[in-house]
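These notes concern the structure reproduced below.
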Amino acid sequence: MKNHKIIFTGPVGAGKTTAISAISDIPVIGTDVNAQDMTIHRKATTTVAMDYGLMGLEGNDRIHLYGTPGQERFDFMWDILTQGGLGLILLLDNSRSKPLQDMRFFLGAFKAFIASQKVAIGVTRMDLAQGPALEEYHRELRQLNLNPPLFEVDARQRHDVVTLLKSLLFSLDPWLD
Amino acid sequence: MRLIFGGPGKQCCTLTNEAHAEAGIINLDHVDGLSLWQGFRQHHPTRPLVIMSMKDPCADDALFLNKPVSQEQLLSTMQKLIEECRTSAEIEMKMTVGTTVTKPVAPPPKQPVIATETLKDDDFYNPQEFLQGELQTLVESSRQKEITVKLNITSSDAEHEIYLLMPDLDRVVHRLSTTQLAQLCGTPAFLLQLTTKRLGHKASLTLEIEAHQKKLGEPLQSFLWRVARYTSYGRLPLGTDITSPAYLAHWPNFTRLPANDNAMRIAALLVEKPQPLPLVAKVLNISLREVFSFYSAAHALGIAGISQRDIDKTLQAEPPSPPRQHGLFGRLLGRLKEIGNTASR
């Protein structure tokens with residue numbers, strides 16, 4: 001049996017826990033606590049250590065799905081979580097005040113990992129607010145010299161999460177059939 | 001032909017262009033009749049054909065109709081052709097009349113892989129000669145003028161309305177089924193009556209609110225993507241140089257587009273580096289038609305084109321081979337497909 005992992009990251013409330021729940025074989029093991037800081041304005045509870053889900057594959061291989069805590073003060077955990085990871089899913093909440101800045105921050109924080117692996121980006125809550133359009137994210141990515149998959153995503157929709165993960169896989173290996 | 005198949009023969013067949021047709025009618029007495037016949041057979045060796053002429057050419061590969069042809073003779077011959085097609089392919093058919101006729105239906109047959117050197121004129125299409133061109137022009141102008149536009153389409157058998165809600169919503173409201181839209185897209189624009197009307201501020205606002213609240217219609221990009229794919233039907237926009245590398249500016253928004261895994265594979269390859277389209281088909285081992293179809297749709301969205309940069313033309317090394325973890329990724333993809341199937345049930 002071999003173990004592998006995919007990491008889900010992004011700011012508070014972007015839908016990481018929900019996305020992992022959509023594809024995990026097991027109920028997501030979370031470390032949510034009642035929100036105390038600014039997070040309380042966005043949701044009642046928040047992840048303080050990490051979320052954990054699991055996908056079993058043929059041949060007994062396992063894909064561990066880790067969700068990082070959204071708050072930046074937990075960024076010391078990110079390096080540890082990404083070690084040996086297959087790829088990164090970055091979820092961004094378009095209804096936050098500066099989602100493009102969020103994107104820049106997370107792509108910077110995971111720069112080394114993205115350079116060796118790949119990232120796919122899902123933008124959530126696009127229907128809730130007049131945030132940036134996808135084209136603006138693409139423009140920002142071009143400035144960073146990156147061109148990863150970037151889709152509108154509803155983390156509650158399994159189809160969206162699966163499509164995002166597939167795009168990550170095809171980025172890593174377009175020969176997959 | 002237009003009168004017959006738009007009237008008494010409406011239930012029998014519908015006119016469409018050659019690429020979308022599933023059978024053809026050729027007037028052999030036309031000045032180019034013989035070369036039309038030869039060209040038709042060269043491109044469509046097995047496609048059913050009716051030949052009309054003053055003199056029987058004794059063709060083994062076509063049904064013959066002696067001119068002058070009555071409406072009844074034509075319709076009964078077409079009926080016979082349809083029966084033959086149904087028997088052989090078990091699908092309802094589309095038909096071409098000299099230039100063409102169809103009865104929409106059934107998914108198109110799997111298209112053959114074609115070699116680059118065999119590309120012919122009918123492997124290309126001019127979007128401006130179809131509904132696609134009209135829609136793209138309308139989208140552009142309504143976006144610039146920030147207005148909502150209603151497009152009326154009258155075909156031989158129906159009338160349809162399409163509302164373009166621009167620019168804030170970027171949505172298209174219509175009641176076309178997939179089959180109806182595909183049929184309209186395959187019909188040359190000269191066979192359609194297209195009229196546009198600018199909606200007043202109040203009507204526009206009411207429709208926008210309703211569309212937003214009730215989630216009416218579909219995103220503009222998804223609509224244009226579908227229109228381009230149905231129009232392209234595995235062909236390329238006229239003027240596309242397939243020997244030069246094609247680029248993809250960025251990934252299409254695949255969660256909101258009707259696209260399959262191969263579309264994502266093509267995107268993954270093209271965003272990495274511009275590649276000639278035949279090379280993409282070869283590397284990914286998929287039909288060139290599928291690659292053309294993807295390119296046509298992405299081109300319609302303005303995110304794909306042929307690279308004019310010299311550096312892209314000089315760096316034409318074959319892409320690298322599959323990564324070391326190919327097997328693992330394959331199993332993971334299989335699992336995701338299972339999950340995806342569960343989601344769609």
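The values are calculated or read from the model by the stated rules, or taken from the named source; none is laboratory data. Only a predicted model underlies this, so the values are computations on that prediction, with no experimental measurement involved. So basically every Cβ, Gly included, is an ideal-geometry build from the backbone, and we count neighbours across all protein chains shown.
Please go through the stretch A:149-172 and give me each residue that is surrounded by fewer than 23 Cβ atoms within 10 Å (Cβ to Cβ) and not basic (Lys, Arg), ordered by number. Answer for the stretch A:149-172, where residues must be surrounded by fewer than 23 Cβ atoms within 10 Å (Cβ to Cβ) and not basic (Lys, Arg): A:PHE151, A:GLU152, A:ASP154, A:GLN157, A:HIS159, A:LEU172. Inspection of the stretch A:81-100 identifies no residue that is within 14 Å of chain B (Cβ to nearest Cβ) and of a type in the set (Asp, Glu).
When each of B:LEU194, B:LEU205, B:LEU169 is tested for being free of Cβ contacts under 8 Å to residues at least 12 places away in the same chain, aliphatic (A, V, I, L, M) and surrounded by fewer than 21 Cβ atoms within 10 Å (Cβ to Cβ), the lone residue that passes is B:LEU205. In the stretch B:257-274, is there at least one residue being at pLDDT below 95, on the phi > 0 side of the Ramachandran plot, surrounded by fewer than 20 Cβ atoms within 10 Å (Cβ to Cβ) and not β-branched (Val, Ile, Thr)? Checked against the condition, which is being at pLDDT below 95, on the phi > 0 side of the Ramachandran plot, surrounded by fewer than 20 Cβ atoms within 10 Å (Cβ to Cβ) and not β-branched (Val, Ile, Thr), the stretch B:257-274 yields no hits at all.
Select from the stretch A:143-162 the residues that are at the interface with chain B (Cβ under 8 Å from one of its Cβ atoms) and part of a helix (DSSP H, G or I) and write down the one among them that is farthest from B:PRO252 (Cα to Cα). Per the stated criteria, the residue is A:ARG158. When B:GLY200, B:GLY239 are checked against the criterion of being more than 14 Å from chain A (Cβ to nearest Cβ) and under 19 Å from the mean Cα position of the chain (by Cα), a single residue qualifies: B:GLY239.
Put simply, of B:VAL271, B:VAL227, B:VAL291 the only residue that is touching a Cys at 6+ places or on another chain (Cβ under 6 Å) and either within 28 Å of B:ALA189 (Cα to Cα) or within 14 Å of chain A (Cβ to nearest Cβ) (or both) is B:VAL227. For the stretch B:10-52, taking the residues that are assigned to a loop (DSSP other than H, G, I, E, B) and basic (Lys, Arg), the one that is modelled with the highest pLDDT is identified as B:ARG47. Taking the stretch B:294-314 as the range and being within 14 Å of another protein chain (Cβ to nearest Cβ) and under 21 Å from A:SER171 (Cβ atoms) as the test, the residues that pass are B:PHE294, B:ALA298, B:LEU301, B:ILE303, B:ALA304.
When the stretch B:56-79 is filtered for residues that are under 24 Å from B:GLY39 (Cα atoms), more than 30 Å from the chain's Cα centre (by Cα) and among the charged types (D, E, K, R), the ones remaining, listed by number, are B:ASP56, B:ASP60, B:LYS67. For the stretch A:52-64, the count of residues that are in contact with a His (Cβ under 8 Å, 6 or more places away or on another chain), in a loop (DSSP other than H, G, I, E, B), modelled with pLDDT of 95 or more and within 26 Å of B:GLU272 (Cβ to Cβ) is zero. Of all residues in the stretch B:226-253, those that are modelled with pLDDT of 95 or more have Cβ atoms under 8 Å from Cβ atoms of residues that are in a strand (DSSP E or B) and charged (D, E, K, R), 6 or more apart or on another chain, in B:ASN253/A:GLU152. Of the residues making up the stretch A:68-87, those that are modelled with pLDDT under 80 and either among the polar types (S, T, N, Q) or assigned to a helix (DSSP H, G or I) (or both) are A:GLN71, A:GLU72, A:ARG73, A:PHE74, A:PHE76, A:MET77. Just checking, does the stretch B:243-253 include any residue being within 14 Å of chain A (Cβ to nearest Cβ), in contact with a strand residue (DSSP E or B) (Cβ under 6 Å, 6 or more places away or on another chain) and part of a helix (DSSP H, G or I)? Scanning the stretch B:243-253 turns up no residue that is within 14 Å of chain A (Cβ to nearest Cβ), in contact with a strand residue (DSSP E or B) (Cβ under 6 Å, 6 or more places away or on another chain) and part of a helix (DSSP H, G or I). Scanning the stretch B:172-230 for residues that are small (Gly, Ala, Ser), closer than 22 Å to A:ALA133 by Cβ and out of contact with any strand residue (DSSP E or B) (no Cβ under 6 Å at 6 or more places or on another chain) gives B:SER204, B:SER222, B:ALA228.
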